[in-house]
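Working notes, structure below.
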Amino acid sequence: MSALVEVEDLHVTFGDVQAVRGISFAVEPGECVAIVGESGSGKSVTARTLVGLAGPGAEVRAAALTLDGRDARGFAERDWRRVRGGFAGLVLQDALVSLDPLRSIGAEIGEVLREHQVDGEVVRLLADVHVPEPERRAKQYPHQLSGGLRQRALIASAIAASPPLLIADEPTTALDVTVQARILGLLGELKEAGRTLLLISHDLAVVAKLADRVLVMKDGQIVESGTAGMLRAGARHPYTKQLVAAAELHPRAATKRPSTGVVAEVRGFRKDYGRHTVARDVDLTVHRGEIVGLVGESGSGKTTVAHALFGLVEPTAGEITFEDGPWSGVPERRRRPRRRKLQLISQDPLSSFDPRWTVRRIVGEATGTPLPFLERVGLTADVLDRYPRQLSGGQRQRVAIARAIAPRPSLIVCDEPVSALDVSVQAQVLGLLAGIRAEDGTALLFISHDLAVIRHLADRVLVMKDGAVVEEGPVERVFAAPEHEYTRALLAAAPTLEVAAP
Amino acid sequence: MRAVLRRAGSGLIVLWAAATAAYLALLAAPGDTVDSIIGDGADTPLIRSQIIQEWGLDRPAVVQYLDYLWRAAHGDLGRSYLLQRPVRDVIGEQLTPTLELAVAAAALGVLIALVLAVTTRRAWARRTSSTTELVLVSTPPFLIGIVLLSVFSFRFGWFPVSGDRGVAALILPAVTLALPIAGVLTQVLRDGLDRALSEPFAVTARSRGLAENAVLIRHALRHALLPAVTLTGWLFGVLLGGAVIVEQVFGRPGLGQVTLAAVNSKDMPVVLAVVVLSAFVYVLINTLADVVYLAIDPRLRRS
């Protein structure tokens, strides 16, 4: 049987930027191939080139670009339109924005059927991807559906015209870990049914279970390929090694028992919005120099707890103390002297920095001498006069850390601080945070949906679900012997390389 | 249902505020009401006292104000000082030509904007159109009117120079008012289309095999309409202000002419009526815009 997709020496350039630099690969029918790499590696551009959507201004050159036995290099727009949806369906990241928010999902799926003049029923297709009550759901809009259901609807629209190939570009990145596991299950089903899959991801663990072969991309080139198991056993390229390290749950090397004394304490915290309770009976204590992990899926109430700690949300019930004094229920002027002791590192520093401020001014706002703090986080003087958008994601997060540690805080709340970073940068930032705790004795409240990250860094972990803490304990104990059913489900859903081992 | 009531309630408050503000302005304006009513007529103490008697001007200001509100609520807008006729009749007969002009101009402006925004996607067409739009937006409407008049009426004689007889007389005034509207709307729509086409859902739509035009019309255009709808309040202002000028330039009868005459001769009942009418139309148009929003964007509807 001939390959479904055959690519030889593919180059994609945007002006002066070489996004893809001479890659070759083939996808056989019924196979699942994954392309893994960090942002800017050229993996998404490669996927989109296969449907002729490399983007405006893209120049595509290849020794061979064969789709379904036809040479696609000379394809006119008409030919590409037949390929799109007919030969290959494309599933993008977040269905909230990847489906037209102004149209019902039924209309979106129906559009594919009409365009390719195939018989098919929207309701049937929704049922095929296990959307419950498909008749009702077909009339709904993306914002009315949960993340998982939206993603299923997006997949239904991609496979509506029965294309032999399904290209999924980060199909689960925007989803919670348990939902991610179910979507991956659905993709596995589609593969069982004989469909060919091309998965694109930044996370090796996500694709490990499904992929027959993994191509590792970096800087527009394929640096290594093989099964996930092979890569785990003997990665040769340093980047692949980083990917493998990031994908495996890495237990911490040494546990240093933090010093005594309490920095912040939340007692019986409850928050209601009208009749809706977003957090209830939350008890949380952070000792000096301790790293506490707070795990939960979206909507679990972990952000509400963080906001309460910052005094942005007044508790409906319960009380919060910080630095040996009441923190909730007191006027802001009594909190202000202690504000410097409490700092925040957010997921996306770009939006928490004033875009018109230089790094000098951003860090200088917290301290008169920004340079020593920048040097502590591994930056040099040449970033001082740059603007946030001129920095890479990792550099920005380092600036955010420098700004947070400058006032010598006793507690830093880290809200998903590495979720937006590539794996190679993630490890460095986590190392930096661990170092700051060790040297300054700063306590960290580390909020994340990523269990591997929590396990790597935290001393103690709290698991939240539906606004309540369902489990709490030392990291080693919770990960080794979870007591609550939900914690077990979370741990089971987290993708690991172990399942892919042969 | 509650939203509709709240909407109607706030509309009423706007109307009341407009009527009151206009009334206060009238009180504060220099000059005696009796002088305005007499105008160029005979002026004797007897006539003056008769006028005060007839118009009830000797009552306390608060009573006069309440009486005015009470009557306005019943649709009685008083009598014109100048024309000695009920304001309702004066406005009523001048409303139709202005309404024709406004509706024709708004429809034409929106149509031109839609066609231009959708058809000028190529780089060169876009540059040409964009420059033209800027020129149109920055040209005062009376100048556009005069240019159109001198070319199409005086030079070619295709359209009548003035009056409001037939469709032919409506074309040039409507075009004059429509061009600046089309200029701004095209820019807003084009910007909206650009934004929508760079969203992930546009990639998804293309990946289904849709032609670029289908992506544009079926997906992007609705997104581009949202910011355009926001401009309807501004559109109304342009139409109102433009009508006064355009009616003058083209010698058309209409509310613009009436307003101008009333302001010049301090014919306050007519000015008041025009203000209240404007406020009413403004409330109406904005309510309509809110309904259009709901029709376009399901995210704004409450489940």
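The values are calculated or read from the model by the stated rules, or taken from the named source; none is laboratory data. It should be emphasised that the depicted structure is a prediction, and the values quoted were computed from it without experimental measurement. Counting neighbours? That spans all protein chains shown, and the Cβs are built from the backbone with ideal geometry, glycine included. These accessible areas exclude ligands, DNA and RNA; they are computed on the full protein's heavy atoms, side chains included. Shrake-Rupley method; radii C 1.70, N 1.55, O 1.52, S 1.80 Å.
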From Cα pairs below 8 angstrom and at least 6 apart in sequence, can you work out the relative contact order of chain B, rounded to a whole percent? 25 percent
Among DSSP beta bridges lying fully in segment A:5-247, give the percent that are antiparallel, nearest 5. 55 percent
How many Cβ atoms of partner chains, on average, are near each residue of B:195-205 if near means within 10 Å of its Cβ? 6
Tell me, what is the percent relative contact order of segment A:350-399, built from C-alpha pairs under 8 Å that lie six or more residues apart? 46 percent
Between the alpha-carbon centers of segment A:271-342 and segment B:144-223, tell me the distance in whole angstrom. 54 Å
Mind running the shape call on segment A:350-407? Use the C-alpha gyration tensor, a ≥ b ≥ c as the square roots of the eigenvalues: rounded below 1.5 for a/c, prolate if a/b tops b/c, oblate otherwise. rounded
In degrees, nearest 10, range 0 to 90: what is the angle between the Cα axis of helix A:105-115 and the longest Cα principal axis of chain A? 20 degrees
Apply the a/c threshold of 1.5 to the C-alpha gyration tensor of segment B:87-300 and tell me whether it is rounded, prolate or oblate. oblate
Counting only pairs 8 or more residues apart or on different chains, how many lysine pairs in chain A have their Cα atoms under 26 Å apart? 15
What is the helix-to-structure angle for B:168-197, meaning the angle in degrees between its Cα long axis and the longest Cα principal axis of chain B, kept from 0 to 90 and rounded to the nearest 10? 50 degrees
Can you give the helix-only mean residue ellipticity at 222 nm for the protein assembly as shown, where every DSSP H stretch with n ≥ 4 adds -39500 (n - 2.57) and the sum goes over all residues, rounded to the nearest 500 deg cm²/dmol? -15500 deg cm²/dmol
In whole Å, what is the distance between the alpha-carbon centres of segment A:418-436 and segment A:457-498? 21 Å
Out of A:L96, A:L294, A:G52, whose Cα points farthest toward the positive end of the dipole of chain A (charges: +1 Lys, Arg; -1 Asp, Glu; placed on Cβ)? A:L294
At what distance in angstrom do the alpha carbon centres of segment A:354-402 and segment A:134-199 lie from each other? 40 Å
Considering the dipole of the protein assembly as shown built from charges on the beta carbon (Lys and Arg +1, Asp and Glu -1) around the Cα centre, which of B:L46, A:P331, B:A211 is farthest to its positive end? A:P331
Is there a quick way to get the dipole size of segment B:87-300? I mean about its Cα centre, with the Cβ of Lys and Arg at +1 and of Asp and Glu at -1; what is the value in debye to the nearest 20? 760 debye
Interface A:B - total buried accessible surface [probe 1.4 Å, Å², rounded to 100]: 2200 Å²
Net charge dipole size for the protein assembly as shown [Lys, Arg +1 and Asp, Glu -1 on Cβ; Debye, nearest 20]: 660 debye
On the accessible surface of segment B:87-300, probed at 1.4 Å, how many percent belong to carbon and sulfur atoms? 70 percent
Dipole of segment A:350-407, positive end: most advanced residue of A:L371, A:A400, A:L350 [Cβ charges, Cα centre]: A:L350
With every protein chain left in place, what is the accessible area of A:K139 in Å² (1.4 Å probe, nearest 10)? 150 Å²
Working from Cα positions, state the angle (0 to 90°, nearest 10) between the long axis of helix B:255-264 and the longest principal axis of chain B. 40 degrees
